Amino acid sequence: MVIVFVFFLFVFPTTTFASDSNAILRVLTLQDYNTRVVLLGTMLLGVTSGIVGTFMLLRRQALIGDVVSHAALPGVAIAFLIGEAFSPGSGRSLHWLLVGAASTGLLAVVCVGIIRRFSVVKPDAALATVLGVFFGFGAVLFKTVQELPSGNQAGLQQFILGSASTMIAADVVMIAKAAAVVLVLSLLLLKELSILSFDEDFAAVQGWPVGLLDLGLTGLVVGITVIGLESVGILMVALLITPPTAARFWTDNFAKMTLVAALIGGASATTGSLLSAMVPKLAGGPTIVLAGTAFFILSMLFGTRRGIVHRWLQQIRNRRRIGRDDLVRAMYEIIEARLSPASDSSTGDSLPDCEIARDDIDPFSRQAVELAELFRHRSWPLRRVKQTVAVAEREGIIRMDSETGWRLTKAGATAARRAVRNHRLWEMYLISQAEIAPSHVDRDADNIEHILGPEIVEQLESLVASRVPRTSVPPSPHPV
Amino acid sequence: MEPETQRPEPAGSDDVHPAWSPLSIHDMTVAYHRQPVLWDIDYDASPGKLIAIVGPNGAGKSTLIKAALNLVPTISGSVAVFGDSYRKQRGRVGYVPQRSSVDWDFPVNALEAVTMGLYRKIGWFRPVRKQHRQLAMKALVRVGMQDYAMRQISQLSGGQQQRVFLARALAQDSDLYLMDEPFAGVDAATERAIVDVLRGLQQDGKTALVVHHDLQTVAEYFDEVILLNLRLIASGPVKEVFTTENLRATYGGKLALLDEVSHRMTMRGES
């Protein structure tokens, strides 16, 4: 698709606005009637394709839009040639050209369906084949049209790159009508289209007319692609796919995803048209698509559900929590060994009232641990120990006792008990249920204890620790 | 996009389909795409029973369910639900597909996924309302998943996803349930939850046909069994049918010729 785009960028230099120093200001303040028309039209187009694109993407039909937009080209050329043959001049009628575009677009979808049904060709190969054949045919026909005396001024090339700037009020009315139909349909059919996209078989068993719904969805895709063809060109497919893909980074909810995709589609289209109106030689369609791509990249980075930055922050937070848990657990184990030096810490800590105990009564808060001890106990790099200690102090989990000694605070002792308890529960589970040697379980539990949520801890309790009271810490099943 | 295929109209309430049977299959043969073939299936399910469908891989267990539900076309034969055509009795049938049949990355949470079981009852164009969400929540409680209602379905474990599928079918409140491998690859907690649900269904007088792969638990979980290997080998109460002899017939290798012809049938028009 990109290659095709670059190719046509050279073949058909686009016509753009002349610009002087005032032009940009005029555009931005929407002083021109023309700018207002173009903006409204492309914005509606973006919103609508964002909605339809969401359904299409979730139905895993993303590439159908690609096929439709490419397959619309021969339709445009054929419609023009037929029109010119019957009455010269009539071939340029927009409606007539769009009828042609819709016909071949639909024909291509039907072809894909037939190939899938009656042959062993894989679905992706079927799409690629049909796209190639139709687009190739379209390119040949366009060349023919260009060589006709009337073909030069026909302005058919705008169907390839799109030219939003030539949009007139009548176009906007048509887009608005289409947008209204799509909006009403998608609001009414939100439930139906979601069950179709999630689980087609289940929908069919419930009695939904799956074939009909699919046909309706394809109809919407063809409709919106054809209507957008004039202003955005064959890159219409990008306007269908990019907004919902970007929207997925922001939400885990079907309805919200549709809304966000509509917003991103509208914003991409508006930004793209404004840019192409301000900067000479920027073609409308590709600029809109590039604006959409910018929104996609922003979403991928900053999306609140799956954005890269969001995940990265979560990782940092996790690592910090793990470091903190490891630290307080190490302190706990050191103190535990001190409190019962003779044994191999097999007595366990049974302080069920530790939650209400006063700070200085809890023996685990009274003991100070030297940095050097920590360093020896876990063989951590000294830098890491110092870093973790600094963070833990800021969080009020430990406090300084002397120059190099640290104490657990009350909150720290609670956190330590929880961490040690989870760690040992998991060890006991590994030993008793998974039959792993006690000498091996410590390392395994090291990585797991941090991801045990409350529900898994509950299950562990019922499985291995029925004799361990809820608030107490069981003894370590192996020498610490 | 799978195109609609011609499906034979199921027969009405004639003699071959007793009205007492929740699912009655008469002389059904299926050969479709790459699905295993089924030959001449004749079967009447007893009402109010838990019935296991057992057989080796590729025996056509899923195909049997899908053909009964009209999801794959049949070559011959007919299917009736409660003595009537499936089309008319659709509301009384609940379906639990294989967990691997859908994309779990779909943007819904567990509660919304279960609510889908009510979509047909809600009807065309109407929005989901509070009372529907409450019904869905009740179904989640029945499978022990109430704490996970708001969790995105991709973040559930395999067993939890399976329980969501089960809850979605329960929300429909059907009289006949067809379940495709609900026990496949689930944890112990899920297995217990599913068994409890099945017992509950039976107490309410409902019928369930369950594709099951674990021969050890057939006698413990189910009342009746269908032994399947491209054809129906035996069916009936576990005590009578689940015998070494029948199992040998089911698992003791496919009939070479039957297998070969079946293969040719699925390849028709594809070479």
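The values are calculated or read from the model by the stated rules, or taken from the named source; none is laboratory data. What you see is a predicted model; the values in this text were computed from it and never measured. Cβ atoms come from the backbone with ideal geometry, glycine included; neighbour counts cover every protein chain shown. Side chains included, ligands, DNA and RNA excluded: accessible areas come from the protein's heavy atoms. Shrake-Rupley method; radii C 1.70, N 1.55, O 1.52, S 1.80 Å.
Go through (1) away from chain B (no Cβ under 14 Å); (2) buried (at least 17 other Cβ atoms within 10 Å of the Cβ); (3) in contact with a helix residue (DSSP H, G or I) (Cβ under 7 Å, 6 or more places away or on another chain); (4) not charged (D, E, K, R) one by one and return the number of the condition A:Trp96 breaks.
It fails just one condition, (2).
Can you tell me which of (1) outside any helix (DSSP H, G or I); (2) among the charged types (D, E, K, R); (3) under 30 Å from A:Thr144 (Cα atoms) is the one A:Glu84 doesn't meet?
Among (1) outside any helix (DSSP H, G or I); (2) among the charged types (D, E, K, R); (3) under 30 Å from A:Thr144 (Cα atoms), the lone unmet condition for A:Glu84 is (1).
Please state which one of A:Ala255, A:Ala261 is in contact (Cβ under 8 Å) with a residue 60 or more places away in the chain, of a type in the set (A, V, I, L, M, F, W, C), within 14 Å of chain B (Cβ to nearest Cβ) and open to solvent by 40 Å² or more (accessible area, probe 1.4 Å).
Only one candidate qualifies: A:Ala255.
Does A:Arg26 qualify as being modelled with pLDDT of 70 or more, on the phi > 0 side of the Ramachandran plot and either surrounded by fewer than 23 Cβ atoms within 10 Å (Cβ to Cβ) or not charged (D, E, K, R) (or both)?
Taking the combined requirement at face value, the residue does not satisfy it.
So which residues in the stretch B:137-148 are open to solvent by less than 10 Å² (accessible area, probe 1.4 Å) and away from every other protein chain (no Cβ under 13 Å)?
Passing the criteria: B:Ala139, B:Leu140, B:Val143.
Would you please name the residue that is surrounded by the fewest Cβ atoms within 10 Å (Cβ to Cβ), looking only at residues in the stretch A:104-116 that are more than 13 Å from chain B (Cβ to nearest Cβ) and without any contact (Cβ under 8 Å) to a residue 40 or more places away in the chain?
A:Leu107
When the residues of the stretch B:162-174 are filtered to those that are surrounded by 21 or more Cβ atoms within 10 Å (Cβ to Cβ) and within 18 Å of B:Phe82 (Cβ to Cβ), which remaining residue is farthest from the other protein chains (Cβ to nearest Cβ)?
B:Ser174
Which of the following residues is under 30 Å from A:Val173 (Cα atoms), more than 12 Å from every other protein chain (Cβ to nearest Cβ) and within 32 Å of the chain's Cα centre (by Cα): A:Ala101, A:Ala125?
Exactly one residue qualifies, and that residue is A:Ala101.
Given the criterion farther than 30 Å from B:Glu220 by Cα and of a type in the set (A, V, I, L, M), identify the matching residue among B:Ile53, B:Ile25, B:Ile75.
Just one listed residue meets the conditions, B:Ile75.
Please work out which one of (1) in contact with a Pro (Cβ under 9 Å, 6 or more places away or on another chain); (2) not in a loop (DSSP other than H, G, I, E, B) is the condition A:Ser150 fails and give its number.
Tallying (1) in contact with a Pro (Cβ under 9 Å, 6 or more places away or on another chain); (2) not in a loop (DSSP other than H, G, I, E, B), A:Ser150 fails exactly one: (2).
Looking at A:Val232, A:Val184, can you tell me which residue is open to solvent by 10 Å² or more (accessible area, probe 1.4 Å), over 27 Å from B:Val102 (Cβ atoms) and under 26 Å from the mean Cα position of the chain (by Cα)?
On inspection, the qualifying residue turns out to be A:Val184.
Identify, by number, the condition in (1) at pLDDT 85 or above; (2) more than 14 Å from every other protein chain (Cβ to nearest Cβ) that A:Leu58 doesn't meet.
Of everything listed in (1) at pLDDT 85 or above; (2) more than 14 Å from every other protein chain (Cβ to nearest Cβ), A:Leu58 misses just condition (2).
Among the residues of the stretch A:87-114, what is the count of those that are basic (Lys, Arg) and either on the phi > 0 side of the Ramachandran plot or not in a helix (DSSP H, G or I) (or both)?
0
Select from the stretch B:81-136 the residues that are of a type in the set (Gly, Ala, Ser) and facing another protein chain (nearest Cβ under 9 Å) and list them in ascending order.
Matches in the stretch B:81-136: B:Gly91, B:Gly94, B:Ser101, B:Ala113, B:Gly117.
So which of A:Gly132, A:Gly138 is away from chain B (no Cβ under 14 Å), assigned to a helix (DSSP H, G or I) and open to solvent by 10 Å² or more (accessible area, probe 1.4 Å)?
A:Gly132
I'd like the full set of residues that are touching a Leu at 6+ places or on another chain (Cβ under 9 Å), of a type in the set (A, V, I, L, M, F, W, C) and open to solvent by 40 Å² or more (accessible area, probe 1.4 Å), limited to the stretch A:117-129.
Result: A:Ala128, single match.
Considering every residue within the stretch A:169-180, establish whether at least one is in the same structural domain as A:Ser69 (by TED's automatic domain parsing), of a type in the set (Asp, Glu) and farther than 28 Å from B:Trp104 by Cβ.
Checking the stretch A:169-180: at least one residue is in the same structural domain as A:Ser69 (by TED's automatic domain parsing), of a type in the set (Asp, Glu) and farther than 28 Å from B:Trp104 by Cβ.
Please verify whether the stretch B:181-189 includes one or more residues that are of a type in the set (Asp, Glu) and touching a Gly at 6+ places or on another chain (Cβ under 7 Å).
Looking through the stretch B:181-189, at least one residue is of a type in the set (Asp, Glu) and touching a Gly at 6+ places or on another chain (Cβ under 7 Å).
What number of residues in the stretch B:18-47 are part of a strand (DSSP E or B), within 14 Å of chain A (Cβ to nearest Cβ) and polar (S, T, N, Q)?
0
Just need a number here: residues in the stretch B:150-161 that are surrounded by fewer than 19 Cβ atoms within 10 Å (Cβ to Cβ) and among the aliphatic types (A, V, I, L, M).
Selection size over the stretch B:150-161: 1.
Within the stretch A:193-201, does at least one residue satisfy the condition of being open to solvent by 20 Å² or more (accessible area, probe 1.4 Å) and not in a helix (DSSP H, G or I)?
Checked the stretch A:193-201: no residue is open to solvent by 20 Å² or more (accessible area, probe 1.4 Å) and not in a helix (DSSP H, G or I).
Have a look at A:Val226, A:Val221, A:Val237, A:Val232 and point out the one that is in the same structural domain as A:Val110 (by TED's automatic domain parsing), of a type in the set (Val, Ile, Thr) and over 17 Å from A:Leu106 (Cα atoms).
Within the list A:Val226, A:Val221, A:Val237, A:Val232, the selection yields A:Val232.
Return yes or no: is A:Gly211 closer than 24 Å to B:Ser101 by Cβ and within 14 Å of chain B (Cβ to nearest Cβ)?
It is true that A:Gly211 is closer than 24 Å to B:Ser101 by Cβ and within 14 Å of chain B (Cβ to nearest Cβ).
I need every pair where a residue in the stretch A:45-71 that is over 20 Å from A:Thr104 (Cβ atoms) has its Cβ under 6 Å from the Cβ of a residue that is hydroxyl-bearing (Ser, Thr, Tyr) and surrounded by fewer than 24 Cβ atoms within 10 Å (Cβ to Cβ), sequence separation at least 6 or different chains.
A:Ile51/A:Ser186
Out of A:Thr388, A:Thr409, which single residue is farther than 20 Å from A:Ile448 by Cβ and in contact with a Gly (Cβ under 8 Å, 6 or more places away or on another chain)?
A:Thr409 is the lone residue from the list that is farther than 20 Å from A:Ile448 by Cβ and in contact with a Gly (Cβ under 8 Å, 6 or more places away or on another chain).
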